[in-house]
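Encoded as structure tokens, the structure appears first; notes follow it.
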């Protein structure tokens, strides 16, 4: 991609209303644009990051047997009445269509996926199943804040599993615990992310959250460094301020952002819809469910909160909008042509490269923009480097740079 053709631009300043780091840097870098509080447009650079995060999530969900679908965001009231959540889900967006028919905008999809899978599952031979989607969700938050960490419209992966007994659910639940950690490892936040015991489990005493440590977090958690797990502040009294695995009472309190959650739902949603299956003896048994959510846009904001410095963002390799930022400081036509050739060679090799070919932008501004955008590797081509038939290479995470011959660089990239 040529930076001269990118319709978005960086900005030195943004509204003072944006106090969170992720909002400030993503807005300044031209990754997102704010439509109104809690609702953002993903611009080309931001959409590339989000797509890469969702690709990682998709790969890991497929790896544990998930089958991807895309369910409607517009839900009929009737489904929500069946589960009793029409009047109890306090952030549910409700609207009225023609003929005074009432609808909800999907905040989660238990009310849709349960009767959907019910249409195809009749016997124990049809179980287990796991169905997931990547979709925009809607929640009528009274106070949307913290950039893309808490919005009224956001991206989410929600997976729902269906089982014939508790043991089967428990086994799948353990597989999902590890799948989520693989997602966070690949997104670059695993080191600061803890499996966190939380209240709200339906079929078991606890549910689980994945909490990432950062001062920008809204939650307080208590970490057991012995077991490498944590406890949400809402349940810490329940475990008497001690780890329920090793009884360690020296728990460390920290602020954190919830980047995922998993629940054993039991029959909470299958029972209201009358969703059962025929067992080996042809007796009807209730289908047992689990659900597993990751806010992909929230992961994006969390990455920025923990991977930045005073100059801008430091994207982890696998989710960066581009892997390489080629910056041309060339002024002479011959040198400009050589930079163009290098860009075309990188593209031909399949390298994900952003080419700063802007002709009227000073070197200092180009470097400042490069630091703000946070692409992992910057490669500078200039009259100085071309005199030596080389390029200057600098990692975004390092202050040091190195020179390599163009031939060696192209061979190694």
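For residue 136, are the conditions met, namely being part of a helix (DSSP H, G or I), in the same structural domain as residue 169 (by TED's automatic domain parsing) and closer than 19 Å to residue 156 by Cα? Give the derivation first.
Values: part of a helix (DSSP H, G or I): no; in the same structural domain as residue 169 (by TED's automatic domain parsing): yes; closer than 19 Å to residue 156 by Cα: yes.
No: the conditions fail for residue 136.
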> Is there a residue being touching a strand residue (DSSP E or B) at 6+ places or on another chain (Cβ under 7 Å), closer than 30 Å to residue 276 by Cβ and surrounded by 23 or more Cβ atoms within 10 Å (Cβ to Cβ) anywhere in segment 326-336?
Replying inline: no
> Has segment 343-363 got at least one residue that is modelled with pLDDT under 95 and farther than 21 Å from residue 31 by Cα?
Replying inline: yes
> Name the residues in segment 23-41 that are at pLDDT 95 or above and in a loop (DSSP other than H, G, I, E, B), would you?
Replying inline: 29, 30, 31
>> Whether any residue in segment 172-185 is in contact with a strand residue (DSSP E or B) (Cβ under 7 Å, 6 or more places away or on another chain), in contact (Cβ under 8 Å) with a residue 12 or more places away in the chain, outside any helix (DSSP H, G or I) and closer than 24 Å to residue 83 by Cβ is what I want to check.
In response: no
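Among the residues of segment 388-404, is there at least one that is buried (at least 17 other Cβ atoms within 10 Å of the Cβ), outside the structural domain of residue 29 (by TED's automatic domain parsing) and in contact (Cβ under 8 Å) with a residue 60 or more places away in the chain?
Among the residues of segment 388-404, at least one is buried (at least 17 other Cβ atoms within 10 Å of the Cβ), outside the structural domain of residue 29 (by TED's automatic domain parsing) and in contact (Cβ under 8 Å) with a residue 60 or more places away in the chain, which makes the answer yes.
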> When you go through 30, 66 one by one, which is the residue that is more than 29 Å from residue 92 (Cβ to Cβ) and buried (at least 20 other Cβ atoms within 10 Å of the Cβ)?
Replying inline: 30
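Give me the strands (runs of 3 or more DSSP E) completely within segment 231-345, filtered to those with at least 2 residues that are closer than 30 Å to residue 385 by Cβ and in the same structural domain as residue 357 (by TED's automatic domain parsing), ordered by residue number. Please lay out each step first, then the result.
Details: elements: 252-266, 276-278, 284-286, 288-294, 324-328.
Here the list reads 324-328.
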> Just a yes or no: is a residue in segment 367-375 part of a loop (DSSP other than H, G, I, E, B), within 33 Å of the chain's Cα centre (by Cα) and modelled with pLDDT of 95 or more?
Replying inline: yes
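Mind listing whichever residues of segment 276-308 are at negative phi and without any contact (Cβ under 8 Å) to a residue 60 or more places away in the chain? Before the answer, list the steps.
Taking segment 276-308 and keeping what is at negative phi, we get 276-281, 283-308.
The answer is 276, 281, 283, 284, 286.
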>> I'd like to verify a number: residues in segment 12-22 that are surrounded by 12 or more Cβ atoms within 10 Å (Cβ to Cβ) and either modelled with pLDDT under 95 or in contact with a strand residue (DSSP E or B) (Cβ under 8 Å, 6 or more places away or on another chain) (or both), how many?
In response: 5
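The values are calculated or read from the model by the stated rules, or taken from the named source; none is laboratory data. Treat the numbers as computed from the prediction; the structure is a model and nothing was measured. As a convention, Cβ positions derive from the backbone with ideal geometry for all residues, glycine included, and neighbour counts pool all protein chains shown.
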